[in-house]
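Only the coordinates and a few stated rules stand behind these numbers; no lab work does. Not measured: the values here are computed from a predicted model. Backbone-built Cβ (ideal geometry, glycine too); neighbour counts: all protein chains shown.
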Amino acid sequence: MLQHNLQINMTQDEQKQAAAQAAIQYVPKGSLVGVGTGSTANYFIDALATIKHQIEGAVASSQATAERLKKHGIEVVELNNADNLPVYVDGADEVTRHLHMIKGGGGALTREKIVAAVARKFICIADQSKLVDVLGNFPLPVEVIPMARSYVAREIALLGGQPALRVGFTTDNGNLILDVHNLNIANPVELETTLNQIAGVVTNGLFARRGADLLLLGTQQGVETIK
Ligand code: 5RP
C-alpha cells in the first residue's frame, strides 16, 4: 500500500522523515513508546514531540536517544519500570520483505534488541535504500565483551566472515563492536543464533528471530507499508 505524499522524488532524508511521521499513527494514546536509535529514529522523536501530551512517556534504546527525548520534554522511563510496551519504533541498516533486519550501524544493537523483545509490535521505519533482497552487504555489527575480542574474531572468521574492530567506539554497555564483512546470510535466523552462541558475544545485529511486524518504507513516491 502506498500513501502518496504531495511531494514526489523525495530525498533520502525526506524519505526517512516521511516514514517516521507515518509511524505516529501506530502510537496508542496514553501508552509508553519504545524508541530506537539513529537518524531515522531521530525524525521519529521529533514527530513524537508533537504528540507528547498524548503519551505516557518513552523507553530509550540508547543514551543518545534518551537525551534527544528529554530535550523535547518527553519523559524517559526505565525499561524495568515499563510493564506494558505496545510498540517499538526503530530504523534499520538493511531490511528484507520478510522483515528481517541488520541493525547496529549506530552501535545500539543490544539495547535495541532488548526493547524490541519487550514490545508487542516492532515498527521499522526506513528509506528505500535500506530495502534489500538478501541481508549482508552492510557489515554485520557484533557487540563483544572486550576480553573476548580476539577469540570472537577468530570464531567469526571460521564462519567465513571478515571482522573489523570499530576503532575508537565503545557501546553504552562498555563493550566493543566487530563489524563483520562478507558473511553469507542466506539463513538469518540460524546465523543470528549461531553467532550469539559464541562465548563473549553480547548480541549481534541480525534481527530475524524477532523481526519487525511492519515496515514503513519511505520511497520517492511516498510511504509504502509492508507487513
Ligand atoms: C542503530 C541502528 C539504526 O537503526 C540503524 O543504524 C539505522 O540508522 P539510520 O536511521 O541513521 O540510517 O540500528 O544502532
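Data overview
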{"read-out": "Highest average packing first - 151-158, 32-39, 46-53, 111-118, Cβ atoms within 10 Å", "value": "32-39, 111-118, 151-158, 46-53"}
{"read-out": "Relative exposure of Ile125, Ile45, Ile24, judged by other C-beta atoms within 10 Å (fewest first)", "value": "Ile24, Ile45, Ile125"}
{"read-out": "Check: region 1-136 dipole with +1 on Lys, Arg Cβ and -1 on Asp, Glu Cβ, in debye", "value": "180 debye"}
{"read-out": "Semi-axes of the equivalent ellipsoid for region 140-203, Cα gyration tensor, largest first, Å", "value": "18, 12, 11"}
{"read-out": "Convex hull of Cα atoms in the chain, direction-averaged projection (nm²)", "value": "12.0 nm²"}
{"read-out": "Burial ranking of peptide ranges 11-23, 75-87 (average Cβ count within 10 Å, highest at the top)", "value": "11-23, 75-87"}
{"read-out": "Whole-angstrom gap from region 74-103 to region 136-152, using each part's C-alpha centre", "value": "22 Å"}
{"read-out": "Estimated dipole of the chain in Debye, rounded to 20 [Cβ of Lys and Arg +1, of Asp and Glu -1, Cα centre]", "value": "180 debye"}
{"read-out": "Pairs beyond 22 Å (Cα-Cα), from Lys16/Lys227; Lys121/Lys227; Lys70/Lys130; Lys71/Lys103; Lys29/Lys130; Lys103/Lys227", "value": "Lys70/Lys130; Lys71/Lys103; Lys29/Lys130"}
{"read-out": "Residues Phe122, Phe207, Phe169, sorted so that the one with the fewest Cβ neighbours within 10 Å comes first", "value": "Phe169, Phe122, Phe207"}
{"read-out": "Listed peptides 131-138, 91-98 by packing density, highest first (mean Cβ within 10 Å)", "value": "91-98, 131-138"}
{"read-out": "Signed unit charges on C-beta, dipole axis of the chain, positive-most listed residue Ile45, Tyr26, Asn9", "value": "Tyr26"}
